[in-house]
Structure formats: structure tokens, C-alpha cells
């Protein structure tokens, strides 16, 4: 008999983590091989060996599921740095971002196509934009000239997202740093005050 003060044993990661991992893997595999319109919650559920009600309850739709896949990948390998300089922050963030999206480039483009009808940016992109804005705010507080968030997204993030689509491969670290250099040249040439 278990006393009331004892806590039940929990499995490492637990069933929820195992289900999430299986569903993520199924979504990645299907989005990498199937046209986006054929990737549905029932197909992902069947491929993962999970009841579709679980997927609907947790993610709502395929766009929400893929947003979660991308968010997990970015959190694992591309946390935003604080190096003490805007150039250092942007370079490290761009290189990490390019590495993080390398295996997900095609999937992210397909996810964008799935989310397009809602006309609302996925949570991952909105969250990332908020984090990048905080990075810019830190640099401005140090007295550095900073781009706007729109300029950063257009000059660095969007090209890194689109690189696999146009060139068939993800951007490398050298290209990511070059995007940062170009943006900072533009900002430096701009007459706005920091």
C-alpha cells in the first residue's frame, strides 16, 4: 500500500513526450515526401500510430503541428545569443538559424503553404520576431545602430528560409554571415539615429 505522501513514479519523458516525438517524426516524413494538401491529421495520426483525436486536441490542424515541429527544432539548436554586440548576436543567430532549418527547409515552406489561408503568421514566427526585437532593443540600449525588425526579417530571416527552395540546399554559415554584413552595411549607411 502506498502512503499518501509518496509521489507516483513518472517515466522519463513520459508518454506525452513519446507521442509528441512519434507525431513529429511522422509529420516530418510525410511533409518531406507528400504534397502538402495530402498531409492531413488522419494521415499523420495513422503514420505515427496515434489516435487522430489526440492530434486534433493538441495541435488542431497540420499547420499547428508543423509550427510545433519547427518551434522545437529552433529551441533545441538555435537559441538567440547575447554576445554583447549586435554584429555578434546577428551572426551567431543567423548561423544557428541556418543550421536549424537545414533539415526542415522544404517542410517549413510546405508549412507556410498550409498556413497561408489563415493570413496569420505561425506562432513560431511571431515568437521568433518578438525574440529578435528584444535582441535589437538590447543593441539600441547599448547605443548601437539597429535595423528595424522588418529589415532584419527581410534581410536575414526570409533569405535563410527561402534559400532551400531556390537553391535546393540550405544556406551555409558563410552565407548567413554575409547576410548579416549586408544588413549592417545598409543600417550603417542609413542616416537614422540608433
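The values are calculated or read from the model by the stated rules, or taken from the named source; none is laboratory data. Note that this is a predicted model, so its numbers are computed, not measured. Counting neighbours? That spans all protein chains shown, and the Cβs are built from the backbone with ideal geometry, glycine included.
Tell me the helices (runs of 4 or more DSSP H) entirely within the stretch 7-86 that contain at least 3 residues that are without any contact (Cβ under 8 Å) to a residue 24 or more places away in the chain and surrounded by fewer than 16 Cβ atoms within 10 Å (Cβ to Cβ). Walk me through it before giving the result.
Values: elements: 14-33, 41-48, 52-59, 62-77.
Hits in the stretch 7-86: 14-33, 52-59.
Mind listing whichever residues of the stretch 178-194 are touching a residue at least 12 places away in the same chain (Cβ under 8 Å), more than 19 Å from the chain's Cα centre (by Cα) and part of a helix (DSSP H, G or I)?
Hits for the stretch 178-194 are 182, 183, 184, 186, 187, 188.
Go through (1) touching a residue at least 40 places away in the same chain (Cβ under 8 Å); (2) surrounded by 14 or more Cβ atoms within 10 Å (Cβ to Cβ); (3) over 18 Å from residue 99 (Cβ atoms) one by one and return the number of the condition residue 149 breaks.
The one condition residue 149 does not meet is (1).
Out of all the residues in the stretch 130-171, which are outside any helix (DSSP H, G or I), in contact with a helix residue (DSSP H, G or I) (Cβ under 7 Å, 6 or more places away or on another chain) and over 19 Å from residue 190 (Cβ atoms)?
Taking the stretch 130-171 and keeping what is outside any helix (DSSP H, G or I), we get 142-148, 168-171.
When the remaining residues are screened for being in contact with a helix residue (DSSP H, G or I) (Cβ under 7 Å, 6 or more places away or on another chain), the result is 144-147, 170-171.
Selection gives 170, 171.
Being touching a helix residue (DSSP H, G or I) at 6+ places or on another chain (Cβ under 8 Å) and exposed (fewer than 13 other Cβ atoms within 10 Å of the Cβ) is the filter; apply it to the stretch 183-194 and report the residue that is modelled with the highest pLDDT. Show your work before the answer.
Step one: of the stretch 183-194, the residues touching a helix residue (DSSP H, G or I) at 6+ places or on another chain (Cβ under 8 Å) are 183-184, 186-187, 194.
Remaining after also requiring exposed (fewer than 13 other Cβ atoms within 10 Å of the Cβ): 186, 194.
Numbers: 186: 93, 194: 49.
The qualifying residue modelled with the highest pLDDT is 186.
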